[in-house]
Amino acid sequence: MNFLIDQQHQAIFEKAKAYSVECLAPFASQLENDRELLKAKMKEMAEQGFYGLGIPKEMGGHSYNYLQMSLVYEGLAYGSGIMSFLLQLQNNINMEIATFYEDIDPEILKVVPDLANGNKTTAFVLTENASGCDPSATNAYAELDGDVYHIHGQKDWITNAQDADYFNVMVKDGKDSQNMIMLFVEKGTPGLRYIANRERMIGNGIIVGSLEFDNCTVPKTNLLSANGFKEALKAIDVARVFTPAIAIGVAQQAVDSVAEYLGQRESFGKPILTNQGIQWQLAEMNTKIEAARCLLYKTAAVMDSGEPVATIAAMNKLFATDVAMEVTVKCAQLFGAEGFMKDAPIAKSMAVAKMLQIVDGTSEIQKIVVGRGIARQYLPRR
Ligand SMILES: Cc1cc2nc3c(=O)[nH]c(=O)nc-3n(C[C@H](O)[C@H](O)[C@H](O)COP(=O)(O)OP(=O)(O)OC[C@H]3O[C@@H](n4cnc5c(N)ncnc54)[C@H](O)[C@@H]3O)c2cc1C
């Protein structure tokens, strides 16, 4: 039990954890490359009620708050960090379409029920090859021409680039403009082309790749926001609540599984877990995970309160993903050679932790966000 967590919260977490341990973890290796299995498992997660979490009930979702959603992602990550990551990405984009954009065309909102039940999938299209950490360096642009926008440019590192039915695309509002806009683009729109996949350290059951916009033309009414940069930052803040939840689930599973292993495995005539040096390492790791969990719950509570969240969300993302990286590397050592096997779960957990340190703003970017806030407070005003 935790100070913010009641029985209902606990039940939400336990349901997600039980499902992921039983139905995702056993398929970890197949899910790495088998795209059809991955899609089937995403459908299964929809049937289990894990889609549409942040979408209001009246729009076909579950009306979960941020704390409840965090618990689902932490629980799912206990069995599969990758699947939890993919689900939260879908749910975030879908929630944004359903609830974030004030002047959204009602025609676009008609897709929400299909997003809430996982029938249709989405992608968040921000990163370019030359603008990863710095989205203000975006080159792709759209020109308004009467009732349509013509989109030009290339985007990279887009999760679900090949299969998504809908794309939230951030581009400059004109070739020479500094302002960014967010556009809604449907799969199959002429001029939108999936180019290539990026093979990665982990998670290759889904395409993460490049998209080309070659005079891709969408109606003016597909404008989601005239202030795309602000919306992108808001979307990234949401992710900075949830990627830590995934990091915590992954880290906790690593410590639990290595403790169980060392309780059974003997060296020098006794279980390795009886050594104080080993117990201290586990104690330190569990303490850090618990601290990360407290920060996660507080961040989710701040998000639910409607208070500004950017700084605490950056702390949350920085701390939890760094803890996951540290913990999974230490656990790999504690598994000995067993942890170095090609299909060792701990090897996958390490790779997921690394991914979580990079996506949705790297650890360095989180430090920039937090550090700038401190500097603003203490630097003399000019
Ligand atoms: C698996 C995966 C899925 C992704 N999915 C999506 C997606 O769906 N949609 C999307 O838009 N993007 C996606 N991305 C892209 C992701 O958001 C970027 O990779 C991330 O923002 C980092 O950008 P970069 O890789 O270009 O790093 P770079 O900008 O090239 O940075 C390189 C290194 O320099 C550091 N650095 C950069 N600037 C500074 C600075 N000022 N001070 C100190 N250090 C600095 C960085 O922290 C990093 O360590 C995905 C990436 C991955 C790995």
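The values are calculated or read from the model by the stated rules, or taken from the named source; none is laboratory data. Model, not experiment: these values are computed from the prediction. So basically every Cβ, Gly included, is an ideal-geometry build from the backbone, and we count neighbours across all protein chains shown. Side chains included, ligands, DNA and RNA excluded: accessible areas come from the protein's heavy atoms. Shrake-Rupley method; radii C 1.70, N 1.55, O 1.52, S 1.80 Å.
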- Do any residues in region 127-143 that are within 18 Å of Lys175 (Cβ to Cβ) have Cβ atoms under 6 Å from those of residues that are among the charged types (D, E, K, R) and surrounded by fewer than 16 Cβ atoms within 10 Å (Cβ to Cβ), where the two are at least six apart or on different chains, and which pairs are they? Tyr141/Lys175
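Kindly indicate the residue of region 355-369 that is in contact with a Leu (Cβ under 7 Å, 6 or more places away or on another chain) and open to solvent by less than 100 Å² (accessible area, probe 1.4 Å) and also farthest from Arg240 (Cα to Cα) among those meeting that condition. Break it down stepwise before answering.
Looking only at region 355-369, we keep the residues that are in contact with a Leu (Cβ under 7 Å, 6 or more places away or on another chain), and these are 363, 366-367.
Next, only the ones that are open to solvent by less than 100 Å² (accessible area, probe 1.4 Å) stay: 363, 366.
Details: Ser363: 11, Gln366: 9 Å.
Only one residue fits best here, namely Ser363.
Select from region 63-114 the residues that are among the charged types (D, E, K, R) and farther than 30 Å from Pro345 by Cα and list them in ascending order. Steps first, please.
At the first step, the residues of region 63-114 found to be among the charged types (D, E, K, R) are 74, 96, 102-103, 105, 107, 110, 114.
Within region 63-114, Glu96, Glu102, Asp103, Asp105, Glu107, Lys110, Asp114 meet the criteria.
On the given criteria, is Glu128 at negative phi, within 16 Å of the ligand (Cβ to nearest atom), surrounded by 15 or more Cβ atoms within 10 Å (Cβ to Cβ) and outside the structural domain of Asn197 (by TED's automatic domain parsing)? Step through it out loud before you land on a result.
On the way: at negative phi: yes; within 16 Å of the ligand (Cβ to nearest atom): yes; surrounded by 15 or more Cβ atoms within 10 Å (Cβ to Cβ): yes; outside the structural domain of Asn197 (by TED's automatic domain parsing): no.
The answer is no for Glu128.
Touching a residue at least 12 places away in the same chain (Cβ under 8 Å) and over 19 Å from Tyr194 (Cα atoms), is that true of Gly75?
Values: touching a residue at least 12 places away in the same chain (Cβ under 8 Å): yes; over 19 Å from Tyr194 (Cα atoms): yes.
Spelling it out, Gly75 is indeed touching a residue at least 12 places away in the same chain (Cβ under 8 Å) and over 19 Å from Tyr194 (Cα atoms).
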- Query: What number of residues in region 337-350 are in contact (Cβ under 8 Å) with a residue 40 or more places away in the chain and either among the β-branched types (Val, Ile, Thr) or exposed (fewer than 15 other Cβ atoms within 10 Å of the Cβ) (or both)?
  - Reply: 3
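Residues checked against (1) in contact with a Phe, Trp or Tyr (Cβ under 8 Å, 6 or more places away or on another chain); (2) assigned to a loop (DSSP other than H, G, I, E, B); (3) at pLDDT 95 or above:
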residue	(1), (2), (3)
Ala196	no, no, no
Gly209	yes, no, yes
Cys216	no, no, yes
Phe242	yes, no, yes
- Task: Would you point out the residue of region 339-361, among those that are farther than 23 Å from Tyr73 by Cα and touching a helix residue (DSSP H, G or I) at 6+ places or on another chain (Cβ under 7 Å), that is farthest from the ligand (Cβ to nearest atom)?
- Result: Gly339
- Taking region 131-171 and keeping only residues that are near the ligand (Cβ under 8 Å from one of its atoms) and within 23 Å of Gln48 (Cα to Cα), one is left with Thr159, Asn160
- Would you say Asp105 is over 20 Å from the mean Cα position of the chain (by Cα), free of Cβ contacts under 8 Å to residues at least 60 places away in the same chain, away from the ligand (no atom under 16 Å from the Cβ) and farther than 26 Å from Ile206 by Cα? no
- Item | Number of the exception - Arg193 against (1) of a type outside the set (A, V, I, L, M, F, W, C); (2) within 13 Å of the ligand (Cβ to nearest atom); (3) free of Cβ contacts under 8 Å to residues at least 40 places away in the same chain | (2)
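Can Glu44 be described as modelled with pLDDT under 95 and open to solvent by less than 60 Å² (accessible area, probe 1.4 Å)?
Numbers: modelled with pLDDT under 95: no; open to solvent by less than 60 Å² (accessible area, probe 1.4 Å): yes.
The answer is no for Glu44.
Here's a check for you: in region 362-382, which residue that is of a type in the set (A, V, I, L, M) and more than 8 Å from the ligand (Cβ to nearest atom) is nearest to Ser131 (Cα to Cα)?
The initial filter retains those residues of region 362-382 that are of a type in the set (A, V, I, L, M), namely 365, 368-370, 374-375, 379.
Filter once more, keeping what is more than 8 Å from the ligand (Cβ to nearest atom): 369-370, 374-375, 379.
Numbers: Val369: 17, Val370: 21, Ile374: 26, Ala375: 25, Leu379: 29 Å.
That would be Val369.
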- Task: Only residues in region 357-375 that are more than 17 Å from Val238 (Cβ to Cβ) count as the first member; pair them with residues that are away from the ligand (no atom under 11 Å from the Cβ) and of a type in the set (S, T, N, Q), Cβ under 8 angstrom, at least 6 apart or cross-chain, and list the lot.
- Result: Gln357/Thr321; Ser363/Thr321; Val370/Thr311; Gly373/Thr311
- Item | Single unsatisfied condition, Ile278 versus (1) farther than 23 Å from Val359 by Cβ; (2) open to solvent by 30 Å² or more (accessible area, probe 1.4 Å); (3) in contact (Cβ under 8 Å) with a residue 12 or more places away in the chain | (2)
- Per-region count, region 1-18, residues modelled with pLDDT of 95 or more and either part of a loop (DSSP other than H, G, I, E, B) or among the charged types (D, E, K, R) (or both): 3
- Query: Among the listed residues Gln68, Gln90, which satisfies the condition of being at pLDDT 95 or above, more than 16 Å from the ligand (Cβ to nearest atom) and in a helix (DSSP H, G or I)?
  - Reply: Gln68
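Restrict the check to region 174-181 and report whether at least one residue is of a type in the set (Asp, Glu), touching a Phe, Trp or Tyr at 6+ places or on another chain (Cβ under 7 Å) and open to solvent by 20 Å² or more (accessible area, probe 1.4 Å). Spell out how you get there, then give the answer.
In the first step, residues of region 174-181 are kept if they are of a type in the set (Asp, Glu); the result is 176.
When the remaining residues are screened for being touching a Phe, Trp or Tyr at 6+ places or on another chain (Cβ under 7 Å), the result is none.
No, region 174-181 contains no residue that is of a type in the set (Asp, Glu), touching a Phe, Trp or Tyr at 6+ places or on another chain (Cβ under 7 Å) and open to solvent by 20 Å² or more (accessible area, probe 1.4 Å).
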